[in-house]
1. Hey, does the stretch 50-70 have a residue that's without any contact (Cβ under 8 Å) to a residue 12 or more places away in the chain, in a helix (DSSP H, G or I) and surrounded by fewer than 13 Cβ atoms within 10 Å (Cβ to Cβ)?
2. Looking at the stretch 72-174, what helices (runs of 4 or more DSSP H) fall wholly within it and have at least 3 residues that are without any contact (Cβ under 8 Å) to a residue 24 or more places away in the chain and in contact with a helix residue (DSSP H, G or I) (Cβ under 9 Å, 6 or more places away or on another chain)?
3. List pairs: first residue in the stretch 183-206 and farther than 18 Å from residue 141 by Cβ, second residue assigned to a loop (DSSP other than H, G, I, E, B) anywhere in the structure, Cβ distance under 7 angstrom, at least six positions apart or on different chains.
4. Can you tell me which residues in the stretch 43-64 are farther than 15 Å from residue 114 by Cβ and within 10 Å of the chain's Cα centre (by Cα)?
5. For the stretch 32-44, state whether one or more residues are in contact (Cβ under 8 Å) with a residue 24 or more places away in the chain, over 30 Å from residue 185 (Cβ atoms) and in contact with a helix residue (DSSP H, G or I) (Cβ under 8 Å, 6 or more places away or on another chain).
6. Give the stretch 99-108 a look and list any residue that's within 12 Å of residue 86 (Cα to Cα) and buried (at least 17 other Cβ atoms within 10 Å of the Cβ), or say none.
7. Give just the number: which of (1) within 27 Å of residue 161 (Cβ to Cβ); (2) crowded, with 16+ Cβ neighbours inside 10 Å does residue 94 not satisfy?
8. State all residues of the stretch 17-29 that are touching a helix residue (DSSP H, G or I) at 6+ places or on another chain (Cβ under 7 Å) and surrounded by fewer than 17 Cβ atoms within 10 Å (Cβ to Cβ); if no residue qualifies, say none.
């Protein structure tokens, strides 16, 4: 028997497609709007949420039988806040410039609906191993959408990927202009994140008719 059962694999695979936290559950939209203008910021946010949700789910699961129901939300907030502080301090130590860009948004991980939702809906009712897999699956599903949105926004909006020039500016050669890509600054505006997410949702539902609501 392998390490992962079919149910365990489903905990990781389902949030990547048919139960994606952003495109299906419509959670975590704020960060998709806020930090996807740059691919690097989206990757760092995805890794941060992966750490916070994966470890946080395990901690809440281990404590689930000793947390009084009346203060469970407070306990959940304390756990996620402690993990976010760790993420913030690591970023300041190893990626200070990026930490300044993400400072406000890293703090907002505390109120990310995906994290609090998985604590409440899954970790409080399941063991540490399954809770860990659920956290990994949902954070990967969240991160995949963030990275896809950021990829297209930075590429089309600034002509770069991870700050590296990919699409060239207009150049002049032998007196004749040979036009390269003209940056579309509109792609860097927050509403375009919703447009890109909407396109992803449309593609997802086109491929899986079961996701279309009556």
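Since every read-out is calculated from the coordinates, none of them should be taken as a lab result. Treat the numbers as computed from the prediction; the structure is a model and nothing was measured. Cβ coordinates were reconstructed from backbone atoms using ideal geometry, including for glycine residues, and neighbour counts include every protein chain displayed.
1. yes
2. 72-94, 96-107
3. The qualifying pairs are 183/159; 188/37.
4. Once the filter is applied, which keeps residues that are farther than 15 Å from residue 114 by Cβ and within 10 Å of the chain's Cα centre (by Cα), the stretch 43-64 yields 43, 44.
5. no
6. Listed by number, the list holds a single entry, 106.
7. Tallying (1) within 27 Å of residue 161 (Cβ to Cβ); (2) crowded, with 16+ Cβ neighbours inside 10 Å, residue 94 fails exactly one: (2).
8. Scanning the stretch 17-29 gives a single hit, 18.
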